[in-house]
Amino acid sequence: MKLSLGCIADDYTGASDLANTLTRQGLRTVQTIGVPPDDLALPEVDAVVVSLKSRSIRADAAVERSRAAEKWLRGRGAGHVLFKICSTFDSTEAGNIGPVMDALRADCGDAIVLVTPAFPETGRTVYQGNLFVGSVPLNESPLKDHPLNPMHDSNLVRVLARQSQTSVGLVDLATLSRGAAAVRARLAELAGKGIGAAVIDAVFDRDLETIGGVALDHRLSVGASGIGLGLARALVASGKVKSGVAGAATAAPVGGPAACLAGSCSQATLAQVSNAEKTMAVLRLDPEQVLAGPGEVRRALAWAGERISAGPILIASSATPDQVVALQSRHGRDAAGHAIEQAMADVAEGLVRSGVRRLVVAGGETSGAVVDRLRVPGFVVGTEIAAGVPVLRAVGAAQGDMLLALKSGNFGGPDFFADALKLMR
Ligand code: ADP
């Protein structure tokens, strides 16, 4: 099997968002956690998104991991690789977007790389090289106060040039609006001057389709889920990918017991946990006991063992904001959060060991802790339970076939847990 598209994402949630976008456009897509082992067995897929955590690490480490990911993807036949960054171009003067782009460009030999974080559907547009977040320029958006990478310049031609070894040019909206041939001519002109990267404007979703089509002439592009959407549509339009088969991967049942875990304390999750009491057995962990030692996890697993053959169960650490603040003031925020995440991972491990093969997890950090513990190398992305939350089928997992749903706290409707299990047979 030859991949039509390889993607390297600089963080996990960005990777999930991209994988979901590609699936919705009809690409059968796998998301891997880190660079997969060389022998990872994959089903028939069109795209692989390798999730790295390289956005805020040292530039040399980000380059090394991204190159390893690229090597793996090219080894699986990927003709085009998208380096997936945040749609708000999250980076510092030192990178990591520029250094990774430079290294991947050197590896693949492209003369010039198209770059755009635009995703008009989500309010990210680029005009004259300036990134807008909704109606304001990037440097006036909340990103100006980001704790790790405050963005003080909305002109991406300048931002990227400061991070990169190559000169950076612009393909403006006027050129783009004249169509793919005009974009190709402009890129050739820039490349002829020795310019190795071009920020391209995009204001409407249709712009992404033109960009995707032109990007496929090259071996590398840099951008957010918006250019992913453009690439996916171009692949479907070119007939390289058969549309309409994506999402089916999670339809085949795995059977066996099902469990839900909630570590998110968001408003939406609190309501979802209450609603779940109507359709499944619910255990609320005592957070003080979780911090006191392993007894609370043992109690939860014993509780689950008595009930799980009768139907799905839910185990929640979720608490109201005042309860969370009280616990944090006694133990410290990081210590409390970490201990509860690890306890949820312990519970997940115990449940899977006892035969659970359908697992729903609420909470971004909680999901990360669970997936790390279960050592699942990757997932095929399936149908959406709610906007942005697909059913996932594990690939290459030591535990065998398994369905998961991983959601950020605020996602999903009031009956999210029951909705998820309906699609996870
Ligand atoms: P969300 O997606 O809603 O942000 P996360 O799982 O990312 O959810 O973050 C929730 C954090 O709160 C985790 O670190 C989790 O361990 C912690 N947590 C869970 N339950 C409690 C609780 N009862 N008190 C304090 N912190 C908690």
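I'd like the residue in region 197-256 that is of a type in the set (V, I, T) and closer than 27 Å to P43 by Cβ and, out of all such residues, is surrounded by the fewest Cβ atoms within 10 Å (Cβ to Cβ).
Ranking the candidates gives V245 first.
Among the listed residues H331, H338, which satisfies the condition of being near the ligand (Cβ under 9 Å from one of its atoms) and in contact with a Leu (Cβ under 9 Å, 6 or more places away or on another chain)?
Of the residues listed, the single one that is near the ligand (Cβ under 9 Å from one of its atoms) and in contact with a Leu (Cβ under 9 Å, 6 or more places away or on another chain) is H331.
So if I check each of A185, A191, A161, A198, which one is small (G, A, S) and farther than 30 Å from A59 by Cβ?
A185
I need the full set of residues from region 310-328 which are exposed (fewer than 13 other Cβ atoms within 10 Å of the Cβ) and more than 9 Å from the ligand (Cβ to nearest atom), in order please.
The answer is A310, G311, P321, D322.
Between residues in region 327-350 that are touching a residue at least 60 places away in the same chain (Cβ under 8 Å) and under 14 Å from S367 (Cβ atoms) and residues that are among the basic types (K, R) and more than 8 Å from the ligand (Cβ to nearest atom), which pairs lie under 8 Å by C-beta distance while being six or more apart or on different chains?
A348/R373
Do any helices (runs of 4 or more DSSP H) lying entirely in region 187-302 carry at least 3 residues that are under 29 Å from the mean Cα position of the chain (by Cα) and at pLDDT 95 or above, and which ones are they?
By residue number, 205-215, 225-237, 267-276.
Report whether or not R307 is of a type in the set (K, R) and surrounded by 13 or more Cβ atoms within 10 Å (Cβ to Cβ).
Taking the combined requirement at face value, the residue satisfies it.
So in region 134-185, with the set limited to residues that are of a type in the set (V, I, T) and under 25 Å from G213 (Cα atoms), which one is surrounded by the most Cβ atoms within 10 Å (Cβ to Cβ)?
Result: V171.
Considering only residues that are in contact with a strand residue (DSSP E or B) (Cβ under 6 Å, 6 or more places away or on another chain) and in contact (Cβ under 8 Å) with a residue 40 or more places away in the chain, look in region 280-303 and name the one that is surrounded by the most Cβ atoms within 10 Å (Cβ to Cβ). Walk me through it before giving the result.
At the first step, the residues of region 280-303 found to be in contact with a strand residue (DSSP E or B) (Cβ under 6 Å, 6 or more places away or on another chain) are 280-284, 300, 303.
Now restrict to residues that are in contact (Cβ under 8 Å) with a residue 40 or more places away in the chain: 280, 300.
Working: M280: 18, A300: 26.
Only one residue tops the list, namely A300.
Would you confirm whether or not region 292-303 contains a residue that is of a type in the set (A, V, I, L, M), in the same structural domain as G350 (by TED's automatic domain parsing) and within 11 Å of the ligand (Cβ to nearest atom)?
No.
Which condition number in (1) in a loop (DSSP other than H, G, I, E, B); (2) in contact with a strand residue (DSSP E or B) (Cβ under 8 Å, 6 or more places away or on another chain); (3) not charged (D, E, K, R) is the one that V126 fails?
(1)
Any idea which of G98, G77 is more than 24 Å from L143 (Cα to Cα) and either surrounded by 17 or more Cβ atoms within 10 Å (Cβ to Cβ) or out of contact with any strand residue (DSSP E or B) (no Cβ under 7 Å at 6 or more places or on another chain) (or both)?
G77
Just one of the numbered conditions (1) more than 22 Å from the chain's Cα centre (by Cα); (2) more than 25 Å from P37 (Cα to Cα) is not true of G412; which one?
Among (1) more than 22 Å from the chain's Cα centre (by Cα); (2) more than 25 Å from P37 (Cα to Cα), the lone unmet condition for G412 is (1).
Could you say which residue among A106, A68, A61 is within 15 Å of D11 (Cα to Cα), in the same structural domain as G129 (by TED's automatic domain parsing) and part of a helix (DSSP H, G or I)?
Exactly one residue qualifies, and that residue is A61.
Quick test for you: out of E277, E365, pick the one residue that is of a type in the set (D, E) and either within 28 Å of Y12 (Cβ to Cβ) or buried (at least 22 other Cβ atoms within 10 Å of the Cβ) (or both).
E365
Whether any residue in region 106-117 is over 21 Å from the mean Cα position of the chain (by Cα) and at positive phi is what I want to check.
Among the residues of region 106-117, at least one is over 21 Å from the mean Cα position of the chain (by Cα) and at positive phi, which makes the answer yes.
If A61 meets every condition in (1) touching a residue at least 40 places away in the same chain (Cβ under 8 Å); (2) touching a Ser or Thr at 6+ places or on another chain (Cβ under 8 Å); (3) surrounded by fewer than 24 Cβ atoms within 10 Å (Cβ to Cβ) apart from one, which number is that one?
For A61, the exception is condition (1).
The values are calculated or read from the model by the stated rules, or taken from the named source; none is laboratory data. Keep in mind that this is a model prediction, so the values were computed, not measured. Neighbour counts are summed over all protein chains in view; Cβ atoms, including those assigned to glycine, are modelled from backbone coordinates with ideal geometry.
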